[in-house]
Amino acid sequence: MSILYSGGMWSVAIILGVSCGYVWALDGPKWSYKALSLLAIGVVLAAFLLPEAHVFRVRIIEGLRWWKWALAVGLPILAYGILVRWIKKKADARYDS
């Protein structure tokens, strides 16, 4: 339990992924993905209510710093991919008629 307790952001992400995998494998309802995601966000936000020296809070803050940089790099790449897909759909629609 201490590994999970001190794991921080990665523990939350892994537990969310495994939970969503179970929902997918067991043909669960679509709303359960949103409920699990909201629960994970709630756990991250609740970590900020812990004392400042608490291990889980420190790990969450470290993990958020990593995710901030990952998003800073990944969002422009994702935006470019969405733009290229949108342009391709527009071009295909123009030549289909």
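The values are calculated or read from the model by the stated rules, or taken from the named source; none is laboratory data. Since this is a predicted model, take the numbers as computed values, not measurements. FYI the Cβ positions are ideal-geometry reconstructions off the backbone, even for glycines, and counts take in every protein chain you see. For accessibility, only protein heavy atoms count, side chains too; no ligands or nucleic acids. Shrake-Rupley method; radii C 1.70, N 1.55, O 1.52, S 1.80 Å.
A few remarks follow.
- Residue-averaged [θ]222 nm for the chain, counting only DSSP H segments that reach four residues, each worth -39500 (n - 2.57): -29000 deg cm²/dmol
- Average Cα contact separation per residue, the chain, under 8 Å, 6 or more apart, as relative contact order %: 33 percent
- Computed in the context of the full set of protein chains, the accessible area of segment 52-97 at 1.4 Å probe radius has 66% of its extent on carbon or sulfur.
- Integer Hz, Karplus 6.51/-1.76/1.60 couplings in order for segment 17-32, x for Gly and Pro: x, 5, 5, 5, x, 5, 4, 5, 5, 9, 6, x, x, 5, 5, 5
- A dipole drawn for the chain from +1 and -1 charges on Cβ atoms has a positive end, and of Gly42, Val73, Ala53 the residue lying farthest that way is Val73.
- Using the 1.4 Å probe convention, the accessible area of segment 36-97 works out to 85 Å² per residue with neighbouring protein chains retained.
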